[in-house]
Amino acid sequence: MEELIKNRLPWLKAIVLGLVEEKEDRYIKKPRNLVAEKEKEDSPSIKENSPHDFPSLSHVEEDILSVLYPDKELYGLAIIDTIEKASKGKRKIGPNTLYPTLRRMESTDKGYVNSRWGDERPEELVERGGARRRYYKLTDKGRDALEAMWEYRDSLLGIGTMTPVVW
């Protein structure tokens with residue numbers, strides 16, 4: 001039994017490491033560059049102040065951050081209404097788009113917004129007929145990302161610093 005385990009140990013180790021994969025009762029070696037993968041794991045994908053530190057914002061993310069700029073604190077439906085009014089009804093964001101986007105922007109990866117639960121009293125909730133509101137506010141990192149995006153757009157247009165429209 002020990003002999004059998006010793007003979008299969010390298011294969012078991014290779015399977016655990018993901019170097020081979022089992023297909024139709026046989027093992028196939030998978031080509032992998034372990035050195036490159038280890039370097040990728042050890043270094044963060046974007047380093048602070050690196051040339052690759054340019055924010056990549058979707059249109060929805062940019063709209064949301066713009067609504068919260070510079071120091072507004074709004075709840076979700078107010079963000080939806082503001083975007084719709086500012087675009088004169090041409091741009092609409094639904095709750096199924098807004099809330100996952102806000103969660104993603106609040107995550108530790110991005111950290112573009114912070115949120116807090118509203119401090120409404122229970123009787124206010126009953127009067128309004130709704131749930132507690134969650135308020136969102138732009139972080140310094142979110143402000144920097146938005147301003148970097150505006151600077152990029154300005155450079156594309158060949159103009160000076162763009163003055164943001166505050167709604």
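Points to keep in mind about this one:
- When 127, 106, 61, 120 are sorted by how many other C-beta atoms sit within 10 angstrom of their C-beta, beginning with the fewest, the order is 127, 120, 106, 61.
- Proxy reagent accessibility, fewest Cβ within 10 Å first, across 105, 149: 149, 105
- Inter-label distance, nm, simple model (7 Å from Cα along the C-beta direction), residue 104/residue 144: 2.2 nm
- Across 85/141; 72/141; 72/110; 88/141; 92/141, pairs whose alpha-carbon gap is larger than 23 Å: 85/141; 88/141; 92/141
- Amide H within-cut-off set for residue 134, under 5 Å, with H built and near neighbours excluded: 76, 118
- Per-residue Cβ neighbour counts within 10 Å put 87, 115, 56 in the sequence 56, 87, 115, beginning with the fewest.
- Relative contact order of the stretch 59-157, defined on C-alpha pairs under 8 angstrom at six or more residues apart (%): 34 percent
Rule-based calculations on the coordinates, nothing more; no lab input. Everything quoted here is computed from the prediction, not taken from an experiment. Note: ideal-geometry Cβ built from the backbone for every residue, glycine included; neighbour counts use all protein chains shown.
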